[in-house]
Amino acid sequence: MIETRRPRQQWIGHVVLGLLSIACIFPIYWMYATSFRRPADVGAASLVPWPLSVQGYRDAAHIIDIGGLLLNTFTVAGLTAAGQLLTSLFAAYALTRWRFRGQQLAYLLFVGTWLVPFQVTMLPNYIVIVQLGLLNTLAGVIVPMLCSVLGVMMLRQHLQAFPRELLEAATMDGRSSWATLWTVVVPNLRAPLASLAILLFITSWNEYFWPAMVLRHSRSVIQLGLEGFFSPEGTDWSALMAAAGLACLPVFALYLVLQRQIVSAFVRSGIR
């Protein structure tokens, strides 16, 4: 009886997962399908765009500087993710490597900042950016975002399960704490670091509100550049979908490169 239920439950589970996968993939497919339609067929309901046309991509390249906007967005997302990864690694390493008075309280206060909505901190951050003269610059988008509580929490979880025998062996071998971090800890945390890196990169890549505040006049990133396709005369949907499709390609490429490490890290986190 139990043997007959298990295949049925597995079959139901596979069907549900398949439907969820289709629901997730279909909007992406529709975006690219619309980008390859002719401007006259952009409202067509057919699943397969035919005849194919690259006019949307030509119009997108004509309306906005896609290459420059993607480069700026990649720079902002890359530097932000790298900064967050580095500060998260240092903080998590310090919180797990040493024991000091008030350690738990410091961690709780740090985590508590995660509960503060961005709308509360955006005005102080904006005033600091103005006083530093970073308004309408890419640095103004990057600097206030160089710390991530989520990154500290994830890396602290992995470092707490890190074998202390390896750290003690490195100390007995005469390595400093700094050398131990880069020669022992980091090589063994490649999978969690890779998964966190892509998570931070995607979060920064999709961020709209803060860049919209800082880059009010320049619109130097692709999230703001897409506004160029909206006008009182109407929206060029084919060009808009083409630009949006191009904006997604770096994220897809990053995921394909780091796919193995990402899956491994999430599986280990789930087991833990």
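Within segment 104-140, restricting attention to residues that are within 22 Å of Leu89 (Cβ to Cβ), open to solvent by less than 60 Å² (accessible area, probe 1.4 Å) and not small (Gly, Ala, Ser), which residue is nearest to the chain's Cα centre (by Cα)?
Only one residue tops the list, namely Val111.
How many residues are open to solvent by 10 Å² or more (accessible area, probe 1.4 Å), part of a helix (DSSP H, G or I) and more than 22 Å from Gly83 (Cβ to Cβ) when one looks only at segment 163-178?
Number of matching residues: 8.
Okay, residues lined up against (1) polar (S, T, N, Q); (2) farther than 28 Å from Gly43 by Cβ; (3) out of contact with any helix residue (DSSP H, G or I) (no Cβ under 6 Å at 6 or more places or on another chain):
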position	(1), (2), (3)
Ser204	yes, yes, no
Phe209	no, yes, yes
Val221	no, yes, no
Phe229	no, no, no
Ser238	yes, no, no
Ala242	no, no, no
Ala253	no, yes, yes
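With the checklist (1) modelled with pLDDT under 90; (2) under 30 Å from Tyr93 (Cβ atoms); (3) among the hydrophobic types (A, V, I, L, M, F, W, C); (4) surrounded by fewer than 15 Cβ atoms within 10 Å (Cβ to Cβ) in hand, flag the one item Phe230 doesn't pass.
Against the list (1) modelled with pLDDT under 90; (2) under 30 Å from Tyr93 (Cβ atoms); (3) among the hydrophobic types (A, V, I, L, M, F, W, C); (4) surrounded by fewer than 15 Cβ atoms within 10 Å (Cβ to Cβ), Phe230 comes up short only on (2).
Just checking, does segment 49-62 include any residue being in a loop (DSSP other than H, G, I, E, B), touching a helix residue (DSSP H, G or I) at 6+ places or on another chain (Cβ under 6 Å) and crowded, with 16+ Cβ neighbours inside 10 Å?
yes
Which of the helices (runs of 4 or more DSSP H) contained wholly in segment 81-143 include at least 3 residues that are among the charged types (D, E, K, R) and modelled with pLDDT of 85 or more?
none
The values are calculated or read from the model by the stated rules, or taken from the named source; none is laboratory data. The structure presented is a predicted model; accordingly, all values stated were derived computationally and were not measured. For neighbour counting, all protein chains shown are included, and Cβ atoms are generated from backbone atoms with ideal geometry for every residue, glycine included. With ligands, DNA and RNA removed, areas are computed over all heavy atoms of the protein, side chains included. Shrake-Rupley method; radii C 1.70, N 1.55, O 1.52, S 1.80 Å.
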